[in-house]
1. Considering only the range 262-284, state which residues are on the phi < 0 side of the Ramachandran plot and out of contact with any Phe, Trp or Tyr (no Cβ under 9 Å at 6 or more places or on another chain).
2. Return the pair list, or none, for Cβ contacts closer than 7 Å from residues in the range 361-378 that are farther than 14 Å from Cys153 by Cα to residues that are open to solvent by 10 Å² or more (accessible area, probe 1.4 Å) and modelled with pLDDT under 95, at least 6 apart or on different chains.
3. Which is open to solvent by 10 Å² or more (accessible area, probe 1.4 Å), touching a helix residue (DSSP H, G or I) at 6+ places or on another chain (Cβ under 9 Å) and without any contact (Cβ under 8 Å) to a residue 24 or more places away in the chain, of Phe271, Phe353?
4. From the list Gln198, Gln230, Gln136, Gln194, which one is of a type outside the set (A, V, I, L, M, F, W, C) and closer than 26 Å to Ala361 by Cα?
5. Can you pull out the residues in the range 120-143 that are open to solvent by 10 Å² or more (accessible area, probe 1.4 Å) and without any contact (Cβ under 8 Å) to a residue 40 or more places away in the chain?
6. Scan the range 322-331 residue by residue and report those that are open to solvent by less than 30 Å² (accessible area, probe 1.4 Å) and part of a helix (DSSP H, G or I).
7. Mind checking which residues of the range 162-180 are farther than 17 Å from Gly319 by Cα and open to solvent by less than 70 Å² (accessible area, probe 1.4 Å)?
8. Right, Asp277: of a type in the set (Asp, Glu), open to solvent by 20 Å² or more (accessible area, probe 1.4 Å) and closer than 17 Å to Phe207 by Cβ or not?
Amino acid sequence: MKILFVSHDANRAGAQLFLLSVMKYLKQKGVEMQLLLLGGGVLENDFAEICTNHFWPNTNPQKKGIKKALSKLVKSQNEPDSTQQLLENLQNSNFDYIYANTIASAHVLPKLTEYVKAPLLAHIHELEFSIQLYSQAADREFLFKYATKIIACSQAVAENIIEKHSASAKKIEVIHSFVDNETILSRIEATDNQSIKQKYNLPESGFLIGGCGNAEWRKGIDVFLQVINQILNTTNENCHFVWIGVKKEGDYYEQISYDIAKMGIEDKITFIEQTPDAVELINCLDIFTIVSREDPFPLVMLEAALAQKTMIGFDKTGGCSEFIEEDAGIIVPYLNTFSMASSITKLFLNQSFAKQLGQKAKEKVLNKYSFENSVMKIESLLGSF
């Protein structure tokens, strides 16, 4: 078996980590692989250790920021001269499959499939807002029509591409994303909460409520601020709020900083930039909020579940309600910040119930969401066409 993987390393970090794990597993199984990268990124060297990497022309793998890399998703009207040589080299490699990871790879597929005559497996990690953002209409229409099989990272993703893009349900297989359960559990067990709180200047007592993700509209930090404001106006409990993974620059960050100052809550919220201690910080929380407007199947949700955190999120946002259901946390109506704030304050008074939700979340991850379950489904799928 010989596979050409296609992916955009500068976009969708969770999707790239998933792909890296899959490729490592397949290499151990003796599968031959090559990777066509549509932009360099933090995992470029990791991919290079597994197989030969090719780079789509007009991308500089060493000097690309996310904005510049994503600008290359717009297809050029005149293909550069080096494209022809790359395509001919790939054509001569005689691949058995093309594995296109994320919708961000859609723009190269019409040209690529003219040369690489192999069944296309498309792995979609995005819901509608991101699909529109990272692809053009003609390219995604080609992908959904041409793909022999489509992997959706959650049921929400599957339903969206059927409803909005007329993808055939017969083509689609839901294979949930995952985290390394054993590694996450080991890190949680080894965490000294007091030391982590001191390291990041977090209060050592009271309730700690948090979230995690980039400073962008989709992740809803501005929504988190509304929840904070309502909690602080309705309870006398000692509580503090933390957001993990914020890049402290850009228009969106400046906007939420403006709101924080106007609300007068600077001393009640701590922003922490991207850090290797994210799991350890999540372990320090009492309540983990998922305030994304759209999130196909957030991996940080699985990490919080393994830490037995009480989770609360919004309905109609993707994988959050799909995982939590009726027993592993609390789901409130979409962007209903009053309902989320009210639910959080009720949890302050019912700690036994909160712990039950966290325990159930951990059990659910261990029983249903693992690398072994997902990668075996992918391996089986590759052997079915």
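1. Matches in the range 262-284: Lys262, Met263, Glu266, Asp267, Glu273, Gln274, Pro276, Ala278, Val279, Glu280, Asn283.
2. So the pair list comes out as Val365/Asn181; Leu366/Asn181.
3. Phe353
4. Residue meeting the stated conditions: Gln194.
5. Gln132, Leu133, Ala137, Ala138, Arg140, Glu141, Phe142
6. Result: Phe323, Ile324.
7. Once the filter is applied, which keeps residues that are farther than 17 Å from Gly319 by Cα and open to solvent by less than 70 Å² (accessible area, probe 1.4 Å), the range 162-180 yields His165, Ala167, Ser168, Ala169, Lys171.
8. When the stated conditions are applied, Asp277 does not pass them.
The values are calculated or read from the model by the stated rules, or taken from the named source; none is laboratory data. None of the values given here were measured: they were computed from a predicted structure. We place every Cβ from the backbone using ideal geometry, glycine too, and count neighbours over all the protein chains shown. The accessibility values were calculated without ligands, DNA or RNA, using every heavy atom of the protein model including side chains. Shrake-Rupley method; radii C 1.70, N 1.55, O 1.52, S 1.80 Å.
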